[in-house]
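The values are calculated or read from the model by the stated rules, or taken from the named source; none is laboratory data. Predicted, not measured: the structure shown is a model, and the values here were computed from it. Here the Cβ positions follow ideal geometry from the backbone for every residue, glycine too, while neighbour counts run over all protein chains shown.
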There are 4 protein chains.
Amino acid sequence: MSHQRIRIGMVGGGDGAFIGAVHRIASRIDDRFELVAGALSSNAQRALSSALNLGISPDRSYTTYQEMAEQEALREDGIQAVIIVTPNHMHYPVAACFLTHKIHVICDKPVTKDLKEAQALQKLVAESGVFFALTHNYTAYPMVRQAKHFVDTGILGDLRVIQVEYAQDWLTDKAEATDNKQAQWRTDPEKSGKAGCLGDIGTHAFNLACFISGQHVMSVASDLTAFVPGRRLDDNVHTMLRFGNGAKGMLWASQVAPGNENALKIRVYGELAGIEWCQESPNQLWLAKFGEPKQLITRAGHGSSPHLAALTRVPAGHPEGYLEGFANLYLEIADAIEAIQGGTSIYTAQGLIPSVDDGVEGMKFISAVLASSENNGAWCPLSPTETTSDE
Amino acid sequence: MSHQRIRIGMVGGGDGAFIGAVHRIASRIDDRFELVAGALSSNAQRALSSALNLGISPDRSYTTYQEMAEQEALREDGIQAVIIVTPNHMHYPVAACFLTHKIHVICDKPVTKDLKEAQALQKLVAESGVFFALTHNYTAYPMVRQAKHFVDTGILGDLRVIQVEYAQDWLTDKAEATDNKQAQWRTDPEKSGKAGCLGDIGTHAFNLACFISGQHVMSVASDLTAFVPGRRLDDNVHTMLRFGNGAKGMLWASQVAPGNENALKIRVYGELAGIEWCQESPNQLWLAKFGEPKQLITRAGHGSSPHLAALTRVPAGHPEGYLEGFANLYLEIADAIEAIQGGTSIYTAQGLIPSVDDGVEGMKFISAVLASSENNGAWCPLSPTETTSDE
Amino acid sequence: MSHQRIRIGMVGGGDGAFIGAVHRIASRIDDRFELVAGALSSNAQRALSSALNLGISPDRSYTTYQEMAEQEALREDGIQAVIIVTPNHMHYPVAACFLTHKIHVICDKPVTKDLKEAQALQKLVAESGVFFALTHNYTAYPMVRQAKHFVDTGILGDLRVIQVEYAQDWLTDKAEATDNKQAQWRTDPEKSGKAGCLGDIGTHAFNLACFISGQHVMSVASDLTAFVPGRRLDDNVHTMLRFGNGAKGMLWASQVAPGNENALKIRVYGELAGIEWCQESPNQLWLAKFGEPKQLITRAGHGSSPHLAALTRVPAGHPEGYLEGFANLYLEIADAIEAIQGGTSIYTAQGLIPSVDDGVEGMKFISAVLASSENNGAWCPLSPTETTSDE
Amino acid sequence: MSHQRIRIGMVGGGDGAFIGAVHRIASRIDDRFELVAGALSSNAQRALSSALNLGISPDRSYTTYQEMAEQEALREDGIQAVIIVTPNHMHYPVAACFLTHKIHVICDKPVTKDLKEAQALQKLVAESGVFFALTHNYTAYPMVRQAKHFVDTGILGDLRVIQVEYAQDWLTDKAEATDNKQAQWRTDPEKSGKAGCLGDIGTHAFNLACFISGQHVMSVASDLTAFVPGRRLDDNVHTMLRFGNGAKGMLWASQVAPGNENALKIRVYGELAGIEWCQESPNQLWLAKFGEPKQLITRAGHGSSPHLAALTRVPAGHPEGYLEGFANLYLEIADAIEAIQGGTSIYTAQGLIPSVDDGVEGMKFISAVLASSENNGAWCPLSPTETTSDE
């Protein structure tokens, strides 16, 4: 099938920025996008040299995102979508600007710097009629989709218990006291907001649990800790979860757990079956139907659903990884943008792609966990979904 | 080294009783005990036939435990110790009776049916000067001892996070509505007390966390659930933990998690290293020193401590299992009884063998979790250790 | 069910001998045997002190096996069976002696020191009408029986490929140049015969492949190596296998493979399914039906065959290990001896217990591998089964 | 660092061809190549539509590779390298044509259809002074490079035993009798030559063993089988290996092993240490130093060598897979072509990239295994390297 490449621009992601490079690779893998414009850095010189390194024409390398939005909106061959990979506090203004210019937005997580902004953005997106994708990339691993499919089709029956965790060890020492820039800004409340480990990886675990289970978290009882002396934000998250359907869960996120690299792991148990998936072995999914031997479902292998074939590129047993999972999101975003241009409604086109609503949900989770922890672990509800448009 | 076999009797454990058979095998593996007396059943005929099947002389098969204690105390070749494997509510009176007759006691867990009884028993043990062992068998797996050794010798540094869990699936369905006797009594508050899954396996997880870490749990914030409709006791335990040294943890126990058989698993993280152990692969222990590759320590293998050799029987790579772990406890009990007979103080002889104090601690944990859960998860302290003798 | 304990004696296995202790534990676990006599050492004083340590009456501690056979045969309460755990070269004369006195024989592997002796013993056993068990213990792991059951019941269809291996690392260095006695005799052709690693562990791998597959090896093409400079016997075995039904296989055994403890592993592939089992995780068996997801079958768990319940003692998820596997053999031996005493034919009673025929088969394998390797790997047939009675 | 994209063309790889798409993704991931020309199919219409789908300008879509070589060589902006992903028998003529036009060649494996052609190509490459890469992609997995690094730096000491295997199950049934085109041509001697499974995946295993060990295979003793009735080429390979330094090994390749997807696995043992790697978990490498606990080395993790950082894109714990391994090869090819254009000698630029010599070595291996198997497993030498230039 032939596709016209979608023209994209990028805000942030200049030379040396990690996540910008990941987005570019992910968007390139299936060759559905063409990067033609950028406001890659607030430093004009770095913006230009970064653009040249990426093969962007100098006249489409901008020094401000506002200029980029304006100019590109005027061009016949202007960008159709923008990728936002700036520091978190810039997500809202940049996204708002491009929404105004009717340019589709692909935004790295977290959606904004706090809940209030997220809800404001949610309103803007709804009013603009423009497509907005939040790159919660873990949701697009094929075996995560398989897990969701098992839940959705009733293989697990009514859900009861959801255990999710995301453990790392890179902040075991006081890395922010060294020249580790990642550690510096992620532990700095001025740059990261009030949530440390909670916002950085706890939200990934939260999002994954909601995505697979199809359930909302109604309330949390939480215990946040900063174990490293002098650290200003939490580096360990303990929280219990209550879901809308009566299921219960636990979420553990930690950046001080030696021996863990990116150990995002989820287990979901229902009245009929249980499943288990771990990001570090993403091509495998355990399925245990009660009363039967456990089955190991593999990406593209026997037992995996045929409708997921579109999200894999190589045969079973040839592992795909983090970048392919991320690329799956870009593949679906490309399909969505094409569909929207062909007249499909934005809501339909969004499909399983994480939306601004998921971003708002994540912000509510952060707020609730912070509130519960400050209130010595008392159960704290997530602010209700239905009232968000009024706030 | 030559040992005189220690003469033991058993209360409970007649034909068909599961845990009685386990104790007998465990005590037999290293040939340090000789079973010579029994009050194996409250049913006289079953008691006798069970005794005969076990090679116990008919004149030492008793119909009541009181008679057994009395008669055996009078014999020159009377039993030196008794194994108690009755239903839980009988642990206290039976133990009290044998303590009075100065016969050492080996008691299955839980120590008693509730905290009050446990504290009474604690007092009795202290006053009697008799040896009392509580068979928290998981503590005697060699790699659990190795884990404790790593903690004790500072390999992990100050502890920060302890994640422990014990998952099963056998109560996923309403098994108590069938003729499954195990399911019937374990879900019946009259027979099991107020704790279901919590008392049955949650206490094992709790005990293991305390044993390895050497820390006391100070308080808990808990959420108990009975997921199976109509079930009268909890079948899922979620609780957060705060330890005496400032470490924090989570404990999950469940009997409704399809795909889990006896998945008791613990992870302990300190400022210098982390460890991970799972009961279903008991011969392996992961050690991750921060900044180094993970190491897989194996029972009797390279990296395991020489002082643990006494607790293994076959070379590395030849797996030992549940019964050998249990047998290790009996081996240490035999040594303790010999030492006491040779004049060693009971306190010294107890060594790492779980004691009545551990039983009391477990009961406090159950009480606190129940209280917290009834109080919607508010943090509830474990009643302090130092005041127990006054209650 | 009530059983009379079977009276046994032991030849070899004095204080400090590893395998004698293993046999005693294995025979004790299910309490079906009583050790009442011994010729535990050729050194009279060590024999006696060993006997006393084991609770054997001094008058039944013998200094020669001949005396023991004679005396015990005369007693009304004489031993019903003997366990032979001497050095290999003594297996034949000791077994022959007890067979003559109509005392059942339980013999450690290898059956004899060479093929000629094995075939002579095979003849003696047939003529004597006495029960003979060879303790190829790996065959009695429940999941090995499960594997055999899958093959026997056609789950795999016609077999095609069998890959078996047994890797260790303890002879990576020249341990025989130290005071390591195990290393000394196992690398000494005078004490071990012409086969080193081949006889020590290669035969276990061979036996396991034949046991599970139900096939005979017809011929081998082999390459034996002594990698450690100055070593006098092979420490690595490479051999290709051709089976009677047309299946083909490879067998690798090594004692110089760093990182391997007792890595005995087998994979069997048929036209319909494949299975995989590893001794170091003995409670698990992989079953892969072609075109379906892989299943993990667990001991006593869902998917394991009910008829195997007799060979397990604790619930699924509580691991059993090497000693329980060994004990299974003793359990079946006890049943066999009881049955024989009740009139069952020896052939019927033997059931799946390895026999002298299996011992002969192993010796043929050793001979064939040695011959092939000496002939630069040319395919060498195992000497045919049907002619053994004429030799 | 800024790079000019290298202009490439592709021969073969039209719509629907699997391996062509893999090469395109792999070359795109790091954005070092630009696909600007193609002779994508011998069918003119399919060639054109495929080109358009890939964004190739119609005037650079050719119907014959000869025309493409000629025309592109004349253009100032002509391609600098060609990717050959045709059926195997076309590799030689296509490569020869582009070499003549001084266009660098990137050729999928196998290098040619037989040894004679391979040796002829080897001569052509040497004479042309043009760069030639053979895409043995498995060699570029970071943990394979790590394994080679451990060997090269003496961590393993002198090598002794190399066990390598590649198991699949997709030909368990007679798939070639269905409309499975992959199965049809891979089991057809007219299209695949005399080697089936041997040529398809056995050569990958062979190449990996040689790459990591740095050793040449001197001779083989082999047993090829076609297990599926009526199959015309081998579907299972058993072969023993003797290496130049005295090491020995076994290689098993199978396409009839149910439960195996792409189970390429290698274990290398030396006098000091052993290593183990499996393609299905490519981010992990086991290192076992004799006498120490096993270590789990992870891609980009603690214990992995810093010089490998260039071959990874995401942090430790975020898995990379098959496509990233393949992309590593393209990254090095890009560097090599740049270096050559900057004056570096082709030999130096080749670095660890598989060359035509590796292709020749693989062909010798196939020839020797076929010869040995036809000669009932007699050891057959690989034809010597030093004489190839004379043939």
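Of the residues making up the range A:26-38, just one is under 17 Å from A:Y138 (Cα atoms) and either polar (S, T, N, Q) or surrounded by fewer than 22 Cβ atoms within 10 Å (Cβ to Cβ) (or both), namely A:S27. Consider the range C:1-37 and keep the residues that are of a type in the set (A, V, I, L, M, F, W, C) and modelled with pLDDT under 95. The one that is nearest to the chain's Cα centre (by Cα) is C:I19. Given the structure, is A:H23 within 14 Å of chain D (Cβ to nearest Cβ), out of contact with any Leu (no Cβ under 7 Å at 6 or more places or on another chain), crowded, with 24+ Cβ neighbours inside 10 Å and under 23 Å from A:E338 (Cα atoms)? Judged against the criteria, A:H23 is a match. No other residue among B:S254, B:S213, B:S219 is among the polar types (S, T, N, Q), touching a residue at least 12 places away in the same chain (Cβ under 8 Å), closer than 24 Å to B:S383 by Cα and within 11 Å of another protein chain (Cβ to nearest Cβ) apart from B:S219.
Of the numbered criteria (1) touching a residue at least 40 places away in the same chain (Cβ under 8 Å); (2) farther than 16 Å from A:E276 by Cα, the one A:G157 fails is (2). For the range A:85-107, filtering for residues that are under 16 Å from the mean Cα position of the chain (by Cα) and surrounded by 22 or more Cβ atoms within 10 Å (Cβ to Cβ) leaves 7. Return the residues of the range B:59-77 that are at pLDDT 95 or above and surrounded by fewer than 19 Cβ atoms within 10 Å (Cβ to Cβ); say none if nothing qualifies. Result: B:D59, B:T64, B:Q66, B:E67, B:E70, B:Q71, B:A73, B:L74, B:R75, B:E76, B:D77. Within the range C:141-161, the residues that satisfy the criterion of being more than 14 Å from chain D (Cβ to nearest Cβ) and β-branched (V, I, T) are C:V144, C:T153. Residues of the range C:186-199 that are in contact with a Lys or Arg (Cβ under 8 Å, 6 or more places away or on another chain) and modelled with pLDDT of 95 or more: C:G196 alone. Being in the same structural domain as D:K248 (by TED's automatic domain parsing) and free of Cβ contacts under 8 Å to residues at least 60 places away in the same chain holds for only one residue in D:T203, D:T187, and it is D:T187.
Determine which member of the set C:L54, C:L40, C:L48, C:L74 is within 24 Å of the chain's Cα centre (by Cα) and not small (G, A, S). Selected residue: C:L40, the only one of C:L54, C:L40, C:L48, C:L74 that is within 24 Å of the chain's Cα centre (by Cα) and not small (G, A, S). Across the range B:334-344, not a single residue is classified as in contact with a helix residue (DSSP H, G or I) (Cβ under 7 Å, 6 or more places away or on another chain), among the hydroxyl-bearing types (S, T, Y) and farther than 17 Å from B:P142 by Cα. Summed over the range A:50-79, the residues that are under 17 Å from A:R24 (Cβ atoms) and in contact with an Asp or Glu (Cβ under 7 Å, 6 or more places away or on another chain) give a count of 3. Each residue in the range D:192-218 was checked for being within 16 Å of D:L115 (Cα to Cα) and of a type in the set (S, T, Y), and 2 of them qualify.
The residues on offer are B:E117, B:E127, and the sole one that is surrounded by fewer than 20 Cβ atoms within 10 Å (Cβ to Cβ) and more than 14 Å from chain A (Cβ to nearest Cβ) is B:E127. Taken over the range B:48-67, the residue count meeting the criterion of being part of a helix (DSSP H, G or I) and either within 14 Å of chain C (Cβ to nearest Cβ) or touching a residue at least 12 places away in the same chain (Cβ under 8 Å) (or both) is 11. If the condition is being within 12 Å of chain B (Cβ to nearest Cβ) and more than 16 Å from B:L251 (Cα to Cα), then the range A:232-241 contributes A:D234, A:D235. With respect to being touching a residue at least 24 places away in the same chain (Cβ under 8 Å), in a helix (DSSP H, G or I) and away from every other protein chain (no Cβ under 13 Å), A:Q45 falls outside the description.
Does A:L35 satisfy the condition of being of a type outside the set (S, T, N, Q) and either outside any helix (DSSP H, G or I) or within 14 Å of another protein chain (Cβ to nearest Cβ) (or both)? Taking the combined requirement at face value, the residue satisfies it.
With respect to the conditions (1) touching a residue at least 12 places away in the same chain (Cβ under 8 Å); (2) farther than 27 Å from B:D223 by Cβ; (3) of a type outside the set (V, I, T), A:G343 falls short on a single one, namely (1). Looking across B:P282, B:P293, B:P306, B:P319, one residue alone is surrounded by fewer than 24 Cβ atoms within 10 Å (Cβ to Cβ), within 29 Å of C:V22 (Cα to Cα) and either of a type outside the set (K, R) or within 13 Å of chain C (Cβ to nearest Cβ) (or both). It is B:P306.
Tallying residues that are over 16 Å from A:V256 (Cβ atoms) and either part of a strand (DSSP E or B) or among the charged types (D, E, K, R) (or both) within the range B:279-291 yields 5. Can you tell me how many residues in the range C:319-361 are aromatic (F, W, Y) and over 30 Å from C:T298 (Cβ atoms)? The qualifying residues number 1.
Determine whether D:G78 is assigned by TED's automatic domain parsing to the domain that holds D:L99 and part of a loop (DSSP other than H, G, I, E, B). Yes; evaluated as a whole, the condition is true for this residue.
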